[in-house]
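First comes the structure, then the notes that go with it.
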Amino acid sequence: MEPREVQTGTDRVKRGLAEMLKGGVIMDVVTADEARIAEEAGAVAVMALERVPADIRKHGGVARMADPTKIEEIQAAVTVPVMAKCRIGHHAEAAVLQALGVDYIDESEVLTPADEEHHVDKWAFTTPFVCGARNLGEALRRIGEGAAMVRTKGEAGTGNVVEAVRHMRTVTNEMRALTTMDDEQLMSAARDHGAPFDLIREVASTGKLPVVNFAAGGIATPADAALMMSLGVDGVFVGSGIFKSSSPEAYARAIVEATTFWNEPEVVAKVSHGLGEAMPGISLDTLGDTERLAGRGW
Amino acid sequence: MTRVGVLALQGDFREHLHILESLGVGAVAVKKPEQLGEVDALVIPGGESTTIGKMATRFGLIEPLRQSIESGLPTYGTCAGMILLAGAVTDGDQPLLGALDVVVRRNAFGRQNESFEADLDIDGLDEPFHAVFIRAPWVEKVGSEIEVLAEVDDHPVMVRQDNILATSFHPELTGDGRIHDMLIEMV
């Protein structure tokens with residue numbers, strides 16, 4: 001008995017991995033040791049990067065794809081999927097990540113953009129991509145370019161969940177509005193959102209995004225994770241929130257548990273006990289426009 | 001009405017609930033031990049087996065799951081579910097139910113770039129099944145009670161033992177209900 005018509009890198013296979021990550025937490029890690037801590041805590045995947053967003057903010061300069069040596073060390077350390085970030089529009093970094101065999105590529109605004117006009121043509125890759133979005137139009141443009149998963153951009157490295165909430169509520173409200181429109185209105189909506197008409201129609205008929213959508217950018221506590229799950233995201237990315245807290249093991253584990261039991265406040269309360277200091281937060285009012293990462297990409 | 005539970009700690013449990021509903025049975029998300037007594041069959045979904053195993057351990061589900069399956073609850077595991085049902089994995093140390101007499105190799109086909117879909121012949125089904133394999137495991141060793149229902153490159157990817165059914169692939173992603181029907185028939 002041999003399988004026939006074997007196909008790799010299909011839409012279904014790319015989107016399918018994101019389906020398997022649902023209800024889970026994907027954690028930023030910068031070393032193999034951190035990756036092991038994340039996996040032990042119950043992370044469904046890790047994001048290998050050079051520096052967490054809070055440090056990228058602090059150090060400034062150009063933030064790039066992680067060193068392949070580091071990515072390979074992290075791949076060797078864990079059995080869960082390993083994701084890695086490339087710069088927006090940097091298809092050569094993306095090709096390197098594909099060659100390294102990472103399981104998902106995050107074309108991320110957290111790194112310094114390589115192209116201010118174009119995002120990577122993600123259909124050209126076997127490895128699936130996840131991309132950030134602040135609203136429905138941005139999410140559908142990325143899906144139109146081949147993204148197999150999306151996430152809110154939030155405001156990475158701030159430990160402040162307000163932007164992730166804003167982005168998720170915006171996407172939800174915009175989707176809801178589409179479901180009440182007739183076909184003539186949908187074409188106007190496609191123009192207003194700057195999004196492909198076929199995807200606008202698909203969302204109007206299903207009431208949901210065609211791919212899995214996670215929250216990212218500012219989640220720092222178990223209650224933050226529960227909040228985002230209650231707003232309808234499929235799972236959460238936690239960047240600086242774990243390894244910039246006073247006790248990464250405890251935070252990692254508690255955020256995983258709160259994500260699974262987001263609709264049971266007793267469980268979220270229980271796991272939130274005695275975690276120590278969360279990562280230091282930044283009020284969005286104190287950030288200038290150039291310090292906001294969510295505005296990168298379009 | 002037959003009630004089928006789907007373990008809902010993490011993974012694509014919603015897709016399993018949908019496919020079960022489309023087959024006309026009651027579908028229930030199971031997160032707590034006491035819910036196991038209220039279902040006639042159980043699905044352990046796709047997801048990350050390490051995450052699901054750890055959460056099942058932390059929230060007191062491992063022993064109740066083991067006992068329910070041992071006492072005959074018809075159970076079907078897909079991908080991560082197959083791993084969790086296994087007696088052992090070839091490497092690593094993770095919580096397992098040990099209900100199925102097999103050794104499973106995780107991520108056996110490779111990383112995500114090697115994930116694939118294909119038409120597969122399955123014993124007991126007249127037409128081929130379109131199967132989606134995502135960072136999928138295969139069965140490395142089978143015990144004497146194991147019936148192999150499908151293989152890829154000589155590696156078992158679908159097995160049955162008494163009340164337990166397991167596949168390396170994800171019928172819940174294609175909407176083909178024939179394998180879920182096999183579970184429902186076991187009730």
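The values are calculated or read from the model by the stated rules, or taken from the named source; none is laboratory data. Predicted, not measured: the structure shown is a model, and the values here were computed from it. Cβ coordinates were reconstructed from backbone atoms using ideal geometry, including for glycine residues, and neighbour counts include every protein chain displayed. Note: areas computed on protein heavy atoms with side chains; ligands, DNA, RNA excluded. Shrake-Rupley method; radii C 1.70, N 1.55, O 1.52, S 1.80 Å.
A compact table of results
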quantity	calculated
Average beta carbon contacts from partner chains per residue of B:166-173, 10 Å cutoff	2
Three-way shape call for segment A:97-230 based on the alpha-carbon gyration tensor, with the a/c threshold at 1.5	oblate
Counting DSSP beta bridges with both ends in segment B:68-139, the antiparallel % (nearest 5)	70
Alpha-carbon centroids, segment A:1-80 and segment A:173-227: separation in whole Å	25
Within chain A, helix-based [θ] at 222 nm, where runs of 4 or more DSSP H residues each add -39,500 (n - 2.57), nearest 500	-12500 deg cm²/dmol
Calculated P(r) tail over 24 Å for segment B:3-185, as whole % of Cα pairs	28
D_trans [Stokes-Einstein, Kirkwood Rh over alpha-carbon pairs] for the protein assembly as shown, 20 °C, 1.002 mPa s, µm² s⁻¹	95
Cα-based equivalent ellipsoid, segment B:88-187: semi-axes from gyration tensor eigenvalues, Å	20, 18, 12
Residues of type aspartates and glutamates that B:K32 reaches as a straight line, Cα spacing below 15 Å, ignoring anything fewer than 8 places off in the same chain	A:E257, A:E264, A:E266, B:E63
Beta bridges per DSSP with both ends in segment B:3-185, % antiparallel, nearest 5	50
Chain B: calculated mean residue ellipticity at 222 nm from DSSP helix runs of at least 4, using -39500 (n - 2.57)	-6500 deg cm²/dmol
In segment A:110-151, the GluC sites (Glu not before Pro) that fall in loop regions by DSSP, at most 10 other Cβ within 10 Å	A:E116, A:E117
Selection of GluC sites (Glu not before Pro), segment A:178-283, meeting DSSP coil and at most 12 other Cβ within 10 Å	A:E277
Leading residue at positive end of dipole, the protein assembly as shown (Cβ point charges), from B:G124, A:I71, B:T174	A:I71
Qualifying lysines (Cα of each under 30 Å from Cα of A:K85; at least 8 residues distant if same chain)	A:K14, A:K22, A:K58, A:K70, A:K122, A:K153, A:K208, A:K244, B:K54
Heavy-atom accessible surface that B and A bury in contact, both chains counted, 1.4 Å, Å² to 100	3900
Test item: Cα-centred dipole of chain B, Lys/Arg +1 and Asp/Glu -1 on Cβ, debye	940
Between segment B:132-187 and segment B:14-55, the alpha-carbon center distance in angstrom	16
Chain lengthening between A:D33 and A:D55 when straightened (0.36 nm per residue, less Cα-Cα)	6.1 nm
Relative contact order for chain A, counting Cα pairs under 8 Å that sit 6 or more residues apart, in percent	19
Test item: Cα-centred dipole of chain A, Lys/Arg +1 and Asp/Glu -1 on Cβ, debye	220
Shielding by partners, peptide B:126-137 (average Cβ within 10 angstrom, other chains)	3
Cα gyration tensor shape of segment A:132-208, rounded if a/c is under 1.5, else prolate or oblate by comparing a/b with b/c	prolate
